[in-house]
Structure formats: C-alpha cells, structure tokens
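> Structure incoming, see below.
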C-alpha cells in the first residue's frame, strides 16, 4: 500500500512505490489520483508492471494518489475486489485502500444490508465506506473516526478525497505503516523500502490507533483508540517484508539474521558440511546460522527470478506449480554433503518437501531442516492466507512426523523465546509482536469485550 500528497507526479511516484512492494501481493494492483477536482482510477488483475504496461502517467497528473497491491486470501480472481475502491456520492468521491482483515466485517455487513446498504464486493474493505456514509451527518474526519471505532481486527487504511488524504492504523498496530517526506510532499507506505526507491526520507511509523489527516494545510494527528502494547505481526519479520525495510525500529534483515543465530544456538547439526537458505526470505537467517556454527554458507538452491512468491498463491495447485518452477539445486555445492537447509517457516509443508527432494536428487547425503521461526499451529485472523488448522502441517503433526512427511533427516524449529530475542530490541518502548499463528494468543477477537464502540444500525 502506498500514498502521496503534494507532488505534481503523484501517480508516477505511486507506481514506483507499489513496484517496490510487489512482494506483498501479486493478484492485482491499482492507483487512484486526484487533481483537486475529481478522482481517477486505473486498476486491474495482475502484477504492477502488467497493470500499468503502456499506461501514460502524463495524461493522469494530480497532486495526490493512493495505490494498492492485492494479496488474495481466496482464489476468487474477481476484478471488483482489486483495490483501491472508489465510491461516489452527492457530496464528493472517496477512494479507499486497505491492508489487513476486519474480523467483525461479516457482522457489520449483515447489519448494513439489513439497513438497506448494497455492497458491491466480497472484500471487508468496503464496509468502512458504508460506515462512513452512515456517519455522514458529521464532518468527514469525525465520521471516519466513529467508523474506525466500530472495526475489530488488523487494518491499515489510506483514504483519498478530492482535498484530503487520511491514513489510519488499527489500535494494536498489527499491520505495518510508515510516513516519510519527499521534498514538501508526504508519503505513506506499508514498508520503508518504498521510500528508498523514490528518494524519500523516513519520518516515523504511524502509531497504533492513529488517524493522520493530510492536506494543503499540513499534517494533523488524532489518536482515535489505543490498546497497549503494540502487536506488530511477527510474520512481517519472518517472511513478508523486504530485508531492507525497517519495522518498529528494527531492520528486517538484521532480525532475520539474529533468528538464524538463535536457531544455531538452540539446534546445531553435528558433522554438517554446509548451510544453505531457501531464497529469498531465508537467506538472512541462513547467514546468521552459518556464522554462529562456524560453517560455510553456500547457495545450494537457486531461485528463478521470474516466478512469484509461492506462499501467497491463493490455491494449493498454484503453490505446488510455483515451487516446481521457482527453485533449482546447485549440484556442485550439495553433492555428497550433509546439508543444513534453513527455511523461514513451514505452513503447509509443500515448499520444504519439494526442496528436500531436489537437494537429495542432486546428491546431498543428508538434509537437516532448520526453521527460523516457531511452529505455526493456528490460523491467522488478520489477513494472512492461513485460514484453517487442517491446512497447517504443524497443527496436525509432531516434529518427527513432519520430518518424515518432508523426507528430511531431521527438523527443528526456533523457540518463541529465540524469536522474541531476535525481534524485540527493547520491550520498554512498545515493541510487542503478534505471534497468534504460533501461540494461539490472539490480541484481537470479534467478541473482544474490551471493544465498546460497536453498535448495530
């Protein structure tokens, strides 16, 4: 997700910001730009490059824009669910883009429909627009705040009108969101790596429960709701974010390398010859593991750069095909050797089993799998495509059973203590993480009694 206010090439810069965050979603992309009078949208199913191939940015100039890359959590392939969404009313137009999951969206949707609203998509993002419309008796900023207080879940929103940009983060700060400056312009992105590609400077993270209002008058901050402590998603560090991004004051590469170091302390492999990582998100941890054990790190597995991320493919069939096309072993590195294969996580086991087979087919004597995160035993409620326990290999099998399923010689996981030590640099400055998929401790639930703002229409 990306947004910019106050730049004459807003649409073009948003394109580059989305391109830098392509790893966050491969199913669709879109940009909405305003010239102060009207909102113009261009979006489609596919990668950023494909959606904007041949697009003439010079014909769609404006001073502000928002953009989004979509990661579908179901294999719907519906164009209507590609964001940003644009809504038109007699009072003006509004565009909304969202990263996360509203866990009480179904309840709100039922109440809205019972009151006469007609929703056009299956996306939970749309419910915010309808709630804002229900609260339109008050100024828009107040309507947004009142609507956000009704939402339960993990969310980061950017909302664009003809004359303002609004930015909001959920009260637990589960999703990442940062703000920066590009000259006199404000920029907002899910990851700080997007700032680097456009030459922007990082200012700060958007605070949990904060609404930013950005206009020609400057930036205004309002805390609409606060829950302590912050619970930033651990999978952002483990898998989703780019290594050059900083999250909650911690560099992603550095945290992954520390995970590898802690993993090596907890689970070394006797008589191993070489360490290799599964590209790309496991390489940092593999380097840390190798350094801690005093073993050589080698590129035992190569990645085809023209194949997308397999974990976020919306169906098992596509994930299986993606693994086959994506990775290849380096025989000269692995043949006749005892290999420590570092992977960042095991969700369904598809990728790990395929890579172990590839390494052994290439002549590896042994393949010992080490996972630089804890066992994932619980579904994610907050927007990551891990929806049921039955699809999670660790929820249904012991380590010894998983070892046999993926055909490895051994398998071990990083402990929760080891992961927290690697990620949480300073517990005194609100750097908590959400690891519900690993621990079952969900920081936000639909029936959360601490939430008092939800009401029926």
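> Using the alpha-carbon atoms, what tilt in degrees (0 to 90, nearest 10) does helix 10-20 show relative to the longest principal axis of the chain?
Helix 10-20 sits at roughly 20 degrees to that axis.
> Helix 350-361 versus the longest principal axis of the chain: what angle, 0 to 90°, nearest 10, using Cα atoms?
In the chain, helix 350-361 runs at an angle near 30 degrees to the longest axis.
> Let me ask something additional. Out of all DSSP beta bridges with both ends in the stretch 236-420, state the antiparallel percent to the nearest 5.
If we restrict to bridges inside the stretch 236-420, about 25 percent are antiparallel.
> Between residue 53 and residue 215, take the C-beta separation as r, use R0 = 35 Å, and let me know the FRET efficiency to the nearest 0.05.
So, using R0 = 35 Å, E works out to roughly 0.60.
> Pull out the extension gain between residue 184 and residue 226, defined as 0.36 nm times the separation in residues minus the alpha carbon to alpha carbon distance; nm, one decimal.
Here the answer is 12.2 nm.
> Stretched out fully, how many nm does the piece from residue 330 to residue 38 gain, at 0.36 nm a residue minus the Cα gap?
99.7 nm
> Based on the Cβ-Cβ distance of residue 133 and residue 202, what FRET efficiency does E = 1/(1 + (r/R0)^6) give at R0 = 56 Å, to the nearest 0.05?
After rounding, the FRET efficiency stands at 0.95.
> Compare the peptides 161-172, 354-365 by average per-residue count of other Cβ atoms within 10 angstrom and give them in order, highest first.
161-172, 354-365
> Using a Förster radius of 25 Å, what is the FRET efficiency between residue 302 and residue 80 based on their Cβ-Cβ separation? Nearest 0.05, please.
0.05
> Tell me the label-point distance for the pair residue 361, residue 412, using the 7 Å Cα-to-Cβ offset, in nm and rounded to one decimal.
Placing both labels 7 Å beyond Cα along the Cβ direction yields 2.9 nm.
> If you project the alpha carbons of the stretch 146-271 onto the principal axes, what extent comes out on each, in Å, largest first?
Principal extents (Cα only, largest first): 65, 36, 17 Å.
> OK, next. For the stretch 236-420, what Kirkwood radius comes out of the mean inverse Cα-Cα distance, in Å?
Answer for the stretch 236-420: a Kirkwood hydrodynamic radius of 16.3 Å.
> Expressed in nm², what is the orientationally averaged projection area of the convex hull enclosing the Cα positions of the stretch 325-422?
Averaged projected hull area, Cα only: 7.1 nm².
> Checking the a/c ratio against 1.5 first, then a/b against b/c, what shape does the Cα gyration tensor give for the stretch 1-96?
oblate
> Pull out a ≥ b ≥ c, the square roots of the eigenvalues of the alpha-carbon gyration tensor of the stretch 124-218, then state rounded if a/c is under 1.5, prolate if not and a/b is larger than b/c, and oblate in the remaining case.
Cα axes put the stretch 124-218 in the oblate bin.
> Here's something else I'd like to know. So how tilted is helix 105-114 from the main axis of the chain? Cα-based, degrees 0 to 90, rounded to 10.
For 105-114 against the chain, the angle is about 30 degrees.
> Just how many % of Cα pairs in the stretch 2-227 lie over 32 Å apart, if you round to the nearest whole percent?
Taking all Cα-Cα pairs of the stretch 2-227, the fraction more than 32 Å apart is 10 percent.
> Tell me the relative contact order for the chain as a rounded percent, counting alpha carbon contacts under 8 Å between residues six or more apart.
Normalised by residue count, the contact order of the chain is 14 percent.
> Turning to a different aspect of this structure: Report the label-to-label distance for residue 388 and residue 244 in nanometres (one decimal), using points 7 Å from each Cα along the Cα→Cβ vector.
With each label point 7 Å from Cα toward Cβ, the separation is 4.0 nm.
> May I pose another question? The chain: D in µm²/s via Stokes-Einstein (Kirkwood Rh, Cα pairs, 10 °C, 1.306 mPa s)?
70
Taken together, the values in this text are just the output of simple stated rules run on the coordinates, not laboratory data. Computed from a predicted model, the values in this text were never measured in an experiment. Because the Cβ atoms are built from the backbone with ideal geometry, glycine has one as well, and the counts that use them run over all protein chains shown.
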